[in-house]
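> One structure is given below, represented as structure tokens, and several questions about it will come after.
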Amino acid sequence: MSEFKGEGTLLEQMEALVGDWEGSIERRYCHLANAAALLWQHLERVNWVGFYVRIPGREHLVLGPFQGKVACTDIAFSRGVCGKSATTKESVLVDDVHQFAGHIACDGASLSELVVPILDGEGNLVALLDMDSPYRKRFSPEDQRMGEAVASLLGARLWS
Ligand code: SME
């Protein structure tokens with residue numbers, strides 16, 4: 001069962017948060033910051049929630065707005081769970097990060113992880129939503145679908 005506290009409510013709140021983007025990079029980051037905070041408030045048993053944003057034209061991600069401990073700033077597409085999601089443009093659910101070769105341990109407490117790609121209107125990878133938990137198997141397929149819905153909303157609203 002999903003541990004999001006009310007899917008409709010979360011998506012509705014997310015829609016309201018990003019409803020007035022006027023096209024500036026500054027406000028995109030403003031909305032991503034609130035989006036990270038909103039997810040952090042809604043999710044239980046997580047220790048990191050946030051975004052990695054692609055450097056345009058490069059296969060490289062940099063740290064974006066997040067909640068949780070200090071994290072690594074740079075992730076190449078060739079590395080980690082984030083790299084796999086960026087390369088495949090598919091969400092990646094990892095029940096046990098110790099079983100994932102190449103996992104990047106920003107917070108040693110993280111045991112499971114869900115990474116969801118954010119695509120622009122043309123289907124290009126522009127950012128990732130990354131959620132980590134200090135519990136094994138924290139994220140369900142329902143959480144994955146919710147993460148994908150959030151990512152889809154953010155991509156459509158902030159990168160189109
Ligand atoms: N977990 C990611 C690295 C980022 S941190 O978890 C915040 C990975 O292995 O790609």
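> Hey, got the dipole for segment 7-158? About the Cα centre, +1 on K and R Cβ, -1 on D and E Cβ, debye to the nearest 20?
Value, rounded to 20: 380 debye.
> Choose one of Gly123, Leu154, Ser78: the residue whose Cα lies farthest towards the positive end of the charge dipole of the chain (beta-carbon charges +1 Lys, Arg; -1 Asp, Glu; about the Cα centre).
Selected residue: Ser78.
> Also, quick follow-up: Once the principal axes of the Cα atoms of the chain are found, what is the range along each, listed largest first in whole angstroms?
42, 37, 26 Å, listed from the longest principal axis down.
> Follow-up. Could you go through segment 60-74 in sequence order and give the Karplus-derived ³J(HN,Hα) for each residue, using 6.51 cos²θ - 1.76 cosθ + 1.60 with θ = phi - 60°, rounded to whole Hz, and x for Gly and Pro?
Once rounded to whole Hz, the list reads 8, 10, 10, 4, x, x, 7, 10, x, 6, 3, 10, 5, 8, 10.
> So what is the relative contact order of the chain, in percent, for Cα pairs below 8 Å that sit 6 or more residues apart?
With pairs under 8 Å counted, the relative contact order is 23 percent.
> So which residue, out of Gly50, Gly108, Gly80, gets the largest mean-square fluctuation from a GNM of the chain using Cα contacts under 10 Å as springs?
It is Gly108.
> Seen from all sides and averaged, what is the projected area of the convex hull of the Cα atoms in segment 49-104, in nm²?
4.0
> Between Thr9 and Ala71, what length comes free when the chain is fully extended (0.36 nm per residue of separation minus the Cα-Cα distance, one decimal in nm)?
In short, 19.4 nm is gained.
> Let me cross-check Lys137: its accessible surface, 1.4 Å probe, with only protein heavy atoms counted, in Å² to the nearest 10?
150
> Distance between Cα centroids, segment 96-115 to segment 122-160: provide it in whole Å.
Between the Cα centre of segment 96-115 and that of segment 122-160, the gap is 17 Å.
> If the chain between Glu59 and Ala16 were fully stretched, how many nm would it gain, using 0.36 nm times the residue separation less the Cα-Cα distance?
12.4 nm
> Just to verify a number: what accessible area does Trp21 come out at with the full protein assembly present, 1.4 Å probe, Å² rounded to tens?
50
> Only helical DSSP H runs with n ≥ 4 go in: add -39500 (n - 2.57) per run for the chain, normalise by residue count and round the 222 nm mean residue ellipticity to 500 deg cm²/dmol.
Result for the chain, helices only: -11500 deg cm²/dmol.
The values are calculated or read from the model by the stated rules, or taken from the named source; none is laboratory data. Since the model is a prediction, treat every value here as computed from it, not as a measurement. Ideal geometry is used to build each Cβ from the backbone, glycine not excepted, and the neighbour counts take in all protein chains shown. Please note that ligands, DNA and RNA were not included when accessible areas were found on the heavy atoms of the full protein model with its side chains. Shrake-Rupley method; radii C 1.70, N 1.55, O 1.52, S 1.80 Å.
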